[in-house]
Each structure stands twice: as structure tokens, then as C-alpha cells.
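Worksheet: the structure to be examined is printed underneath.
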Amino acid sequence: MKKLFAEFFGTFWLVFGGCGSAIFAAGFPELGIGFAGVALAFGLTVLTMAFAVGHISGGHFNPAVSFGLWAGGKFPAKDLLGYIIAQVVGAVAAAGVLYLIISGKSDFVDIGGFAANGYGELSPGGYSMTSALIAEFVLTAFFLLVILGSTNERAPKGFAPIAIGLALTLIHLISIPITNTSVNPARSTSQALFAGGEFTSQLWLFWLAPIAGAIVAGLIHKALFDKE
């Protein structure tokens, strides 16, 4: 249960901090943090929670990460379902708190895109479904390679959260214009549930591509990099 609570709180913080920065601060007049600020916010959520609770649960905070670690032989299959449920519930809880905050704004009308992920007309830069699929697959694969490599027993000890947080920052710097950056099915689910409409119908891609990329990365690491 401690592991599941750690995954809940870690994923909550990722969505609250990352998506919250996109919703409240990215385009704020004159003082907006922009894409770079949102990218850094996502990286900081993972870095801080990896240090805070990573020693309890492993610090996945992402169903794709759990699948990738399983494929890489670093996580038991029997724990997958529990972790994924805890991650999705944590993400949805964070989205609920974000909704409560944004709905209290004086000129509130609706939540708009709510930092949800999308392609085609829902892509910030108008990128196609194919572009989104490729980007999410490749970026999640490399995210898992960083995670598996930095947490390997032969890697320098104590620095993994920094490498992982910076990797997630870089991923967002690349792909916010493409899909608003998922690489995390829990994060995508929480925002799509509140944004509704086409965001919900496109959610399949943000489960399929990240998990597929993560599994491929896990297999690559296990075959090529895990042993001398």
C-alpha cells in the first residue's frame, strides 16, 4: 500500500505541477512562462517526487514507465495493474483540483483544452495523427532508456532523478507544439476526461504510442545495455 500511495501522490504532483503550469501560467499576460517554463515544470515534478518517494515505489508516476520497466525485467508483472490504477487515480484527482481552482476565476466560462493532448485540429501546431504517433513513440522510448540507464546498478548512484527530470524537460521542449506532450497515459487520461469531446476520442493514441515505445525501449535495454 505504501508503494501505491507513493505512486498516487507522485502522479498527482506531476499532473498538478505540469498541467497546472500550462493552464495557469503558460500564457499569463506579460509574465507567462511559455513552453520552456511548462517543460521545466514537468521535469521538476518528476525530479522532486523521485527524490521524495522514489525509494518507496521506484518513482514511476506513469503507466508507460511501469510497462517499460516490466519489459526491461526491472518490475514484476503482478504489480502492473495496481500501479496503473494508482497512477490514473492520482492524475484524475489532480485534474479535479485544477478544475476547482480554474472554475473560481472571475471570468471563468469553460476550461477549454485544459492542457489535454491531441493531434490534428487538437494539436497546438496542427500536427497529424501520424506525426503524433511517431513523436510519442520515439520520445517515450528514449525516456525509458534514460530511466533504465540512470537507475542501472552500474550507473552513478543518487543522480537518476536529475537525469530523468531533465529528460522529461527536454521531451516537453521538443513535443509541446506537436501533441502538448503526453509520454504518460495517466496524465493524458486525467486531462481528457475533463476537457471532453474530441480529446476523449483521441485518448487511445496517448495510451498506445507511449506504452509501445516504453516496451520497445525496455527490450532494447535488456538485450543491449543491461549486461556487460
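Things to note:
- Some residue of the range 94-108 being in a helix (DSSP H, G or I), in contact with an Asp or Glu (Cβ under 8 Å, 6 or more places away or on another chain) and either open to solvent by less than 70 Å² (accessible area, probe 1.4 Å) or not β-branched (Val, Ile, Thr) (or both): no
- Residue satisfying all of: in the range 51-86; within 13 Å of the chain's Cα centre (by Cα) and outside any loop (DSSP other than H, G, I, E, B); farthest from residue 215 (Cα to Cα) among these: 84
- Test: residue in the range 144-165 that is over 15 Å from residue 64 (Cα atoms) and within 14 Å of the chain's Cα centre (by Cα): yes
- The set of residues in the range 22-74 being open to solvent by 40 Å² or more (accessible area, probe 1.4 Å), within 28 Å of residue 157 (Cα to Cα) and of a type in the set (Gly, Ala, Ser) consists of 52, 58, 73.
- The residue list 111, 84 contains one member that is open to solvent by less than 50 Å² (accessible area, probe 1.4 Å), in contact with a Pro (Cβ under 6 Å, 6 or more places away or on another chain), over 20 Å from residue 169 (Cα atoms) and β-branched (Val, Ile, Thr), which is 84.
- Of residues in the range 166-192 being surrounded by 23 or more Cβ atoms within 10 Å (Cβ to Cβ) and in contact with a Leu (Cβ under 7 Å, 6 or more places away or on another chain), the one nearest to residue 99 (Cα to Cα): 192
- For the range 1-45, a residue qualifies if it is of a type in the set (Val, Ile, Thr) and closer than 20 Å to residue 79 by Cβ, and exactly one does: 11.
- Taking residues in the range 3-22 that are over 13 Å from residue 39 (Cα atoms) and in contact (Cβ under 8 Å) with a residue 24 or more places away in the chain, and partners anywhere that are open to solvent by less than 20 Å² (accessible area, probe 1.4 Å) and among the charged types (D, E, K, R), not one pair has Cβ atoms closer than 7 Å while being at least 6 places apart or on different chains.
- Qualifying residues in the range 7-48 (those that are part of a loop (DSSP other than H, G, I, E, B) and of a type in the set (Gly, Ala, Ser)) - the one farthest from residue 100 (Cα to Cα): 32
- Odd one out for residue 200, checked against (1) touching a residue at least 40 places away in the same chain (Cβ under 8 Å); (2) surrounded by fewer than 18 Cβ atoms within 10 Å (Cβ to Cβ); (3) polar (S, T, N, Q); (4) touching a helix residue (DSSP H, G or I) at 6+ places or on another chain (Cβ under 7 Å): (1)
- Pairs linking a residue in the range 160-182 that is within 11 Å of residue 36 (Cα to Cα) to a residue that is open to solvent by 20 Å² or more (accessible area, probe 1.4 Å) and not in a helix (DSSP H, G or I), with Cβ atoms under 7 Å and 6 or more positions apart or on different chains, are 176/124.
- When 223, 195 are screened for being surrounded by fewer than 17 Cβ atoms within 10 Å (Cβ to Cβ) and either in contact with a strand residue (DSSP E or B) (Cβ under 6 Å, 6 or more places away or on another chain) or over 20 Å from residue 60 (Cβ atoms) (or both), only 223 passes.
- Filter pass, residue 122 being closer than 23 Å to residue 35 by Cα, surrounded by fewer than 22 Cβ atoms within 10 Å (Cβ to Cβ) and among the aliphatic types (A, V, I, L, M): yes
Conditions tested, residue by residue: (1) at pLDDT 95 or above; (2) in contact with an Asp or Glu (Cβ under 8 Å, 6 or more places away or on another chain).
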site	(1), (2)
1	no, no
5	yes, no
13	yes, no
18	yes, no
44	yes, no
49	yes, no
57	yes, yes
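The values are calculated or read from the model by the stated rules, or taken from the named source; none is laboratory data. All of these numbers come straight from a predicted model, not from anything done at the bench. Cβ atoms come from the backbone with ideal geometry, glycine included; neighbour counts cover every protein chain shown. In case anyone asks, the SASA skips ligands and DNA or RNA and just uses the protein heavy atoms, side chains included. Shrake-Rupley method; radii C 1.70, N 1.55, O 1.52, S 1.80 Å.
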